[in-house]
1. At 0.36 nm per residue, and after removing the present C-alpha to C-alpha distance, how many nm does the segment from HIS104 to LYS202 gain when stretched out fully?
2. Across all directions of projection, what mean area in square nanometres is found for the Cα convex hull of the stretch 28-217?
3. Give me LEU139, LEU277, LEU302 sorted ascending by neighbouring Cβ count inside 10 Å, so fewest comes first.
4. Packing-wise, with mean Cβ within 10 Å as the measure, how do 213-223, 95-105, 360-370 rank, highest first?
5. At a Förster distance of 30 Å, what's the computed FRET efficiency of GLU58 paired with VAL181, Cβ-Cβ distance as r, to 0.05?
6. Hey, if you put +1 on the Cβ of every Lys and Arg and -1 on every Asp and Glu Cβ in the stretch 254-370, which of TYR259, CYS343, SER279 ends up farthest toward the positive end of that dipole?
7. So how do 151-162, 330-341 stack up, highest first, on mean other-Cβ count within 10 Å?
8. About the Cα centre of the chain, what is the dipole size in debye to 20, counting +1 per Lys and Arg Cβ and -1 per Asp and Glu Cβ, all else neutral?
Amino acid sequence: MEHKWKLLLLVFGALVFLGGVLMVFQRGYATSYHNNQVKLPAKGTSQPKKTTNSKLPEKKKEIYLAGGCFWGVEEYFSNVDGVLDAVSGYANGRGDTTSYQLLHQTGHAETVQVVYDANRISLKELLLHYFRIIDPTSLNKQGNDRGSQYRTGVYYTDPSDLTTIDMVFQEKASDYKKKIVVEKAPLKSFTKAEEYHQDYLKKNPNGYCHINVNEASYPVIDKTKYPKPSKEEIKKKLSKDEYRVTQNNETEKAFSNRYWDSFEAGIYVDVVTGEPLFSSKDKFESGCGWPSFSRPISPDVLRYKTDKSFNMNRTEVRSRSGNSHLGHVFTDGPKDQGGLRYCINSLSIRFIPKAEMEAKGYGYLLTAVD
């Protein structure tokens, strides 16, 4: 009898193990889709610092976001400043209830309920975070996770939110050549997922995740605030040398440019549009003769292109809104800061001292300098 019980326990243990392996296998092993080709480290070594606004009372609101596997989506939003709670669950399928094992039958989407303080973060900011971590042109697929349960969707409970949602969708549509296939609908139902799914990546730090949750520590920057001027306006606005570098992809001389040896506190913005690009906090002396940064102020503001000019194979860095040539990124930067070196032309950027940031409309980025 004792031998039979031991045998049964061994069989049960093997089944549990295989079930866990199957669940992870179903999740896939892919990284997330990004416009950027460079994966950025977290800002600092600790979790993103959350702040509180003691001057305003808490104003709770909610939005439901489907972005593929909810483990990473939940972890990402739980680290966004202004988010009060993030809960994994299943939304907008057939019927009011379901479970992880029944998703293929009920058609629910893996969804995260995001409860936030509207006095600390706006719905638009949350949606910009959301679009940062998904491929909005991929139908029923994020990373290597395939199936209707991994579709993308924004589900709202407050009809007045639809105006903001429509605006963000319209703005984002211009960023992609393919059609955006993210669902946009009122929330019909939401079932909280099983307990082992909640805070999964906190319980399992090395668990599967299809997105870079570290990016939650970077601010979102609304590109509509920094529109690109017309060609005629750019010519009038820039000096001949600034135009030559930003528009014709040329390079200024090393060691004789305006910012290569400047380390005053503040931010560096695109000389064409004013879009924030880099912080003095991430600037370092590299010895190359050009301004060097370990990372951008946000992963959203840069674009990357392969540059094979001069018989070299380099990664060119361009600004998002202005499409200005900025410089190149290399992998010989400080290892303790992520290992990247953004080598940037001074003529492509303009410095905003910390003392002037509030007055010039950049006060929301003061924490990126401190």
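Derivation of every value follows stated rules applied to the coordinates shown; laboratory data play no part. Small disclaimer: the values here were computed from a predicted structure and weren't measured. Cβ coordinates were reconstructed from backbone atoms using ideal geometry, including for glycine residues, and neighbour counts include every protein chain displayed.
1. 32.6 nm
2. Working: hull surface 44.3 nm².
It is 11.1 nm².
3. The most exposed by this proxy come first: LEU139, LEU302, LEU277.
4. 213-223, 360-370, 95-105
5. 0.30
6. CYS343
7. So the peptides 151-162, 330-341, ranked by packing, come out 151-162, 330-341.
8. It works out to roughly 760 debye.
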